[in-house]
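These notes concern the structure reproduced below.
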Amino acid sequence: MKLTLITALMVTLTSSTLLAQTTEPAPAPPTATLQTLDELVRAIDPDATREGNQWQLAWQEMTLIVVADDAADRMRIISPIQPVDPDDPELMHRLLQANFDAALDARYAVAQGIIWGTFLHPLSSLTQREFASGLIQVVNVVNSFGSTFSSGVFTYGGGDSTDEYRELLRQLESRVPSST
């Protein structure tokens with residue numbers, strides 16, 4: 001009985017190993033390159049300009065910049081929002097809150113004295129859908145700056161943005177006359 005159980009186990013393991021060896025490996029995910037990125041940018045704005053690894057395009061009346069680095073395997077979509085106001089620490093605090101739960105894959109960033117809407121992603125694994133989503137999210141964080149600070153309709157739970165939205169709603173409700 002013990003020998004039969006061991007034999008059955010060995011047959012099962014051997015057949016599983018043989019099956020695993022004859023199964024074809026999953027296809028490798030598509031690898032994005034600067035050329036792929038160029039095609040994605042030009043599909044959105046045929047008049048986009050390119051200088052090396054940087055593109056400038058217009059979409060929804062907004063200027064966006066796409067920067068890529070093959071060696072670092074990174075790309076980013078950025079759009080300027082406004083100069084940093086060093087006398088407004090509450091705004092910087094709110095940007096960090098939004099980065100935690102409302103900006104999702106896009107982010108607010110500060111560089112060269114400017115607040116930016118940004119989306120960062122590894123270049124090699126970037127898909128068309130991720131590029132489009134990143135572009136939309138950057139447009140949304142720029143457009144929602146100063147109000148909801150959101151990259152879209154979803155927020156990631158556990159942060160402070162829900163309370164911020166409730167406060168905005170309370171302020172708006174206080175301005176609307178009641179219909180009694």
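The values are calculated or read from the model by the stated rules, or taken from the named source; none is laboratory data. These numbers come from a predicted model, not from an experiment. FYI the Cβ positions are ideal-geometry reconstructions off the backbone, even for glycines, and counts take in every protein chain you see.
When you check Gly52 against the structure, is it of a type outside the set (Phe, Trp, Tyr) and more than 15 Å from the chain's Cα centre (by Cα), yes or no?
On the way: of a type outside the set (Phe, Trp, Tyr): yes; more than 15 Å from the chain's Cα centre (by Cα): yes.
Yes.
Give Asn140, Asn99 a once-over and let me know the one that is modelled with pLDDT of 85 or more, in contact with a Gly (Cβ under 6 Å, 6 or more places away or on another chain) and surrounded by 15 or more Cβ atoms within 10 Å (Cβ to Cβ). Spell out the reasoning first.
Values: Asn99 fails: in contact with a Gly (Cβ under 6 Å, 6 or more places away or on another chain).
It is Asn140.
Return the residues of region 42-57 that are closer than 19 Å to Ser133 by Cβ and modelled with pLDDT under 95; say none if nothing qualifies.
Here is the first cut: in region 42-57, the residues closer than 19 Å to Ser133 by Cβ are 42-45, 48, 55, 57.
Listed by number, the residues that qualify are Arg42, Ala43, Ile44, Asp45.
Only residues that are under 16 Å from Trp59 (Cα atoms) and either in contact (Cβ under 8 Å) with a residue 60 or more places away in the chain or among the hydroxyl-bearing types (Ser, Thr, Tyr) (or both): list them for region 105-119, please.
Thr118
I'd like the residue in region 58-96 that is of a type in the set (Gly, Ala, Ser) and closer than 21 Å to Gln35 by Cβ and, out of all such residues, is surrounded by the most Cβ atoms within 10 Å (Cβ to Cβ). Write out each step before concluding.
Our first condition is that a residue be of a type in the set (Gly, Ala, Ser); within region 58-96, this holds for 58, 68, 71-72, 79.
Filter once more, so that each one left must be closer than 21 Å to Gln35 by Cβ: 68, 71-72.
Values: Ala68: 24, Ala71: 7, Ala72: 9.
Taking the candidates together, the pick is Ala68.
Give the residues of region 112-136 that are out of contact with any Lys or Arg (no Cβ under 9 Å at 6 or more places or on another chain) and either part of a helix (DSSP H, G or I) or modelled with pLDDT under 90 (or both), sorted by residue number. Walk me through it before giving the result.
The initial filter retains those residues of region 112-136 that are out of contact with any Lys or Arg (no Cβ under 9 Å at 6 or more places or on another chain), namely 112-115, 124-133, 135-136.
Matches in region 112-136: Thr127, Gln128, Arg129, Glu130, Phe131, Ala132, Ser133, Leu135, Ile136.
Before we move on, is Leu91 modelled with pLDDT of 90 or more and under 22 Å from Val41 (Cα atoms)? Can you show your working first?
Details: modelled with pLDDT of 90 or more: yes; under 22 Å from Val41 (Cα atoms): no.
Criteria not met by Leu91.
Taking region 108-117 as the search range and keeping residues that are surrounded by 20 or more Cβ atoms within 10 Å (Cβ to Cβ) and of a type outside the set (A, V, I, L, M, F, W, C), which one is nearest to Asn140 (Cα to Cα)?
Gly117
Among (1) surrounded by fewer than 19 Cβ atoms within 10 Å (Cβ to Cβ); (2) closer than 25 Å to Ala58 by Cβ; (3) in contact with a strand residue (DSSP E or B) (Cβ under 9 Å, 6 or more places away or on another chain); (4) not hydrophobic (A, V, I, L, M, F, W, C), which single condition is Pro122 missing?
(2)
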